[in-house]
Amino acid sequence: MQIHPTIAGLRAALAGAGRVAFVPTMGNLHDGHIALMREARRHADVVVASIFVNRLQFGPREDFDKYPRTFADDCARLTDAGVDHLFAPDETEMYPAPQRYHVEPEPAQVSILEGAVRPGHFRGVATVVLKLFNIVQPQVALFGKKDYQQLMVLTNMTRELALPIRIVPGETIRAADGLALSSRNGYLSAAERAEAPRLFAQLSRIRERLQAGERDLARMEADAVAELAAHGWQPDYIAIRRRSDLQVPEGDEPLVVLAAARLGSTRLIDNLEL
């Protein structure tokens, strides 16, 4: 695997490379990331990953400074996964001057759920991803479904800006007890890690109730929030939404339930298509 700290170096390496699949990450890689890398190989001749902890998508009281940086281990995992090129810029390379141009996602898409809790987050995500797309110029890009709203925002951005890139979603990878793999799971204490699967269990319970014929969505959401709170969680939301745009359902349409809750000092997110 070739490692490129500069834009010029990556572009030179990819000149004439053929069909490129791209997986952007912030590092501290887990099996979910690696599944995306392996899937990328099915779609292209060359697989490119990036590692960049993007300051623009962190709020002023979020974990930018303590976000885990595990570069050596990440490189070993990417090499084992068969990644061809790693773009690993520092902040000076990505933002040689203050970033004054930004991507502003459609407000209805980013004023809800994660966007309501983390204002400005998706502006930062969309801006850095568009910049990475311009640097790498892939034909295919892969993102995990665990960040469901992010996937929607980036898919819509790619379509509406007519980018010549196909977005491929990757299924959420889970531990044996159901906890969605996340770079932030490492923040959990042993006791919190034992409790953490309750989040997915509540989403699964909502799916079971829907399959059994219940239709009071608000009651199911409230019951799940109460169950988490009773076990020491601080829920931000549990919301049943239509998959297409994450708005409140109005009829018989494909649904997804999304959740975010804090367990101790760690904020976990998850979702389940219903």
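The values are calculated or read from the model by the stated rules, or taken from the named source; none is laboratory data. Model, not experiment: these values are computed from the prediction. All Cβ positions, even for glycine, are placed from backbone atoms using ideal geometry, and neighbour counts span all protein chains on display. What goes into the accessible areas is simple: the full protein's heavy atoms, side chains included, and nothing from ligands, DNA or RNA. Shrake-Rupley method; radii C 1.70, N 1.55, O 1.52, S 1.80 Å.
Annotation note: of ARG207, ARG193, ARG198, ARG219, the sole residue that is open to solvent by 50 Å² or more (accessible area, probe 1.4 Å), touching a His at 6+ places or on another chain (Cβ under 9 Å) and at pLDDT 95 or above is ARG198. Scanning region 37-53 for residues that are free of Cβ contacts under 8 Å to residues at least 40 places away in the same chain and either out of contact with any Phe, Trp or Tyr (no Cβ under 9 Å at 6 or more places or on another chain) or part of a loop (DSSP other than H, G, I, E, B) (or both) returns ARG42, ASP45, VAL46, VAL53. Within the set VAL20, VAL53, the sole residue that is touching a Pro at 6+ places or on another chain (Cβ under 6 Å), surrounded by 15 or more Cβ atoms within 10 Å (Cβ to Cβ) and either farther than 15 Å from PHE87 by Cα or of a type in the set (A, V, I, L, M, F, W, C) (or both) turns out to be VAL20. All conditions but one from (1) within 20 Å of the chain's Cα centre (by Cα); (2) part of a helix (DSSP H, G or I) apply to ALA13; the one that does not is (1). For region 141-190, name all the residues that are touching a Gly at 6+ places or on another chain (Cβ under 8 Å), in a strand (DSSP E or B) and open to solvent by 30 Å² or more (accessible area, probe 1.4 Å). If the condition is that a residue be touching a Gly at 6+ places or on another chain (Cβ under 8 Å), in a strand (DSSP E or B) and open to solvent by 30 Å² or more (accessible area, probe 1.4 Å), then PRO169 is the only one that fits. At least 2 residues that are open to solvent by 20 Å² or more (accessible area, probe 1.4 Å) and more than 24 Å from CYS75 (Cβ to Cβ) in each: list the helices (runs of 4 or more DSSP H) lying fully within region 86-129 that qualify. The qualifying helices (runs of 4 or more DSSP H) are 107-110, 114-117.
Only one of the listed residues (LEU78, LEU113) is at pLDDT 95 or above, out of contact with any Ser or Thr (no Cβ under 8 Å at 6 or more places or on another chain) and at positive phi. That residue is LEU113.
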